[in-house]
Ligand SMILES: [Zn+2]
């Protein structure tokens, strides 16, 4: 009897091992083979100088919109006109929301759906008191040590200027696209894009324009950021997270602190916030994150490849190890972040209310309604109300397909200008203006070929924002090639 049992277990293990190995062997690389392209001959120094010039304009999006400097945006747009004269002579130009610009390079074949290439004009402010810690002043537009330095170099004037350089060059060479190309440059992306990109999208929707695809910021070539893959990895955003802040208010009897009730407003609110932290929305491997594991898994060493090829067995282990870092966790679930906590005015007075704000970033598949529902269920205290704060709630974007020809074009273009790069879909944990165009196409991608290493993440919105001149030249080549691959 015992022997039979041992034999059955041994046979089961053999079958299990066979299934694991067969699935691992079938877990093929999804990287496209591409023909090499000749390098783009470019006056890199002149292009870098034009970018440096663009960084000197303080086109800042302040949280307080009354500080908006309209004259500076006008001067910046005049600078674009003088820097790219051939483009401005050839393309149509419209303005939405006062300062967002939409260019149209009309194609010869009206049966083809247009493409829309995006960037934004505005930048975040420099945190007061940190100016002196910059290697080069943030708005001086200096080039040194092989870098163009300044606020906006990475986010997002580098992309904006590179797009204009690419089109200026193609127009100058006498190129005429078959497919219409739009360039859309918002002016309030850092504030959500509701005055800019949203109105541009509404303008096109009003004309019944359907787009082939949209390409925006939000991707990069990463080095040393994805454990287990030694090659550079280009991340292409196929979805972005949603956003909602919930306001928790605890109500209690106020009064003198010498005879406190059993439960105070501060105590109840603290417990409610602690419960939310202890009971987060569950982790899930789905959508963009699942697609990413399918693309990077086959590029990994055998043991990791085996685990990723057999998620039916190793799912919990993968979720645990991937979610161990805050950045990994953010790709697996709707995050919970208490950001504001307010109560009390005097040390011997019990406040009658206490208020907290908890910010959630929504995983595609969750919604503002399901998060609100979850929070109310977890807080479960009739003395604590939970409500959506303000009007800034945004649902997660749809997940764009990786099976489309458009995703393949983006992937092929990246591998043409950056040979040997692994391309993978991913989930953008921040927000971009691209989300406003989701109604015009299901193919919304966020990509770029700027290089981001472990040292560079903090430069975005931080100190010493800069772009490598060589990377900038490659970004121009990327847009030239993308337009050639898509529209000619
Ligand atoms: Zn940006």
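The numbers here are math on the coordinates, done by the rules we state, and not lab data. Everything numeric here is computed off the predicted structure, so don't read it as measured data. Ideal geometry is used to build each Cβ from the backbone, glycine not excepted, and the neighbour counts take in all protein chains shown.
If the Kirkwood radius is taken over C-alpha pairs of the stretch 174-285, then at 25 °C and 0.890 mPa s the Stokes-Einstein diffusion coefficient equals 119 µm²/s. Calculated mean residue ellipticity, 222 nm, the chain: -11500 deg cm²/dmol, from DSSP H runs (n ≥ 4) at -39500 (n - 2.57) each, averaged per residue and rounded to 500. In this label model, residue 376 and residue 359 are separated by 2.5 nm, measuring between points 7 Å along each Cα→Cβ vector.
Mind jotting down a quarter of the surface of the convex hull over the alpha carbons of the stretch 78-186, in square nanometres, one decimal? Please list the in-between numbers first.
Details: hull surface 33.6 nm².
Over all viewing directions, the stretch 78-186 projects a mean Cα-hull area of 8.4 nm².
Each listed q (0.14 Å⁻¹) maps to a log10 I(q)/I(0) for the chain, found by the Debye formula over equal Cα scatterers with no solvent: -1.39. The calculated Kirkwood hydrodynamic radius for the stretch 239-388 is 17.5 Å, given to one decimal from all distinct C-alpha pairs.
Once fully extended, how much extra length lies between residue 321 and residue 230, figured as 0.36 nm per residue of separation less the alpha-carbon to alpha-carbon distance? Can you show the working numbers first?
Details: separation 91, 0.36 × 91 = 32.76 nm, distance 1.86 nm.
Between residue 321 and residue 230, full extension yields an extra 30.9 nm.
Arrange the following residues from fewest to most other Cβ atoms within 10 Å of their Cβ: 15, 429, 409, 358.
Placing the least packed residue first, the sequence is 15, 429, 409, 358.
In this rough spin-label picture, where each label sits 7 Å from Cα along the Cβ direction, the residue 72-residue 176 distance is 4.2 nm.
Using the Cα coordinates of the stretch 148-239, the gyration tensor eigenvalues translate into equivalent-ellipsoid semi-axes of 27, 19, 16 Å, sorted from longest to shortest. The label-point distance for residue 12 and residue 259, in a model that sets each label 7 Å from Cα toward Cβ, rounds to 6.7 nm. With one equal scatterer per alpha carbon and no solvent term, the Debye-computed log10 I(q)/I(0) for the stretch 334-399 at 0.21, 0.27, 0.29 1/Å reads -0.96, -1.32, -1.42.
What does the highest-first list of 304-314, 379-389 look like by mean Cβ count within 10 Å?
Working: 304-314: 18.1, 379-389: 15.6.
Descending mean neighbour count gives 304-314, 379-389.
Taking the Cβ-Cβ separation of residue 203 and residue 349 as r and a Förster radius of 51 Å, what is the calculated FRET efficiency to the nearest 0.05?
Details: r = 54 Å, r/R0 = 1.06.
Rounded to the nearest 0.05, the efficiency is 0.40.
Can you list, largest first and rounded to whole Å, the semi-axes you get for the stretch 1-132 by taking the square root of 5 times each eigenvalue of its Cα gyration tensor? Provide the component values of the computation, followed by the final result.
Values: eigenvalues 648, 133, 65 Å².
Gyration-tensor ellipsoid for the stretch 1-132: 57, 26, 18 Å.
For 130, 264, what ranking results if the residue with the fewest other Cβ atoms within 10 Å of its Cβ goes first?
Details: 130 12, 264 21.
Ascending number of Cβ neighbours within 10 Å: 130, 264.
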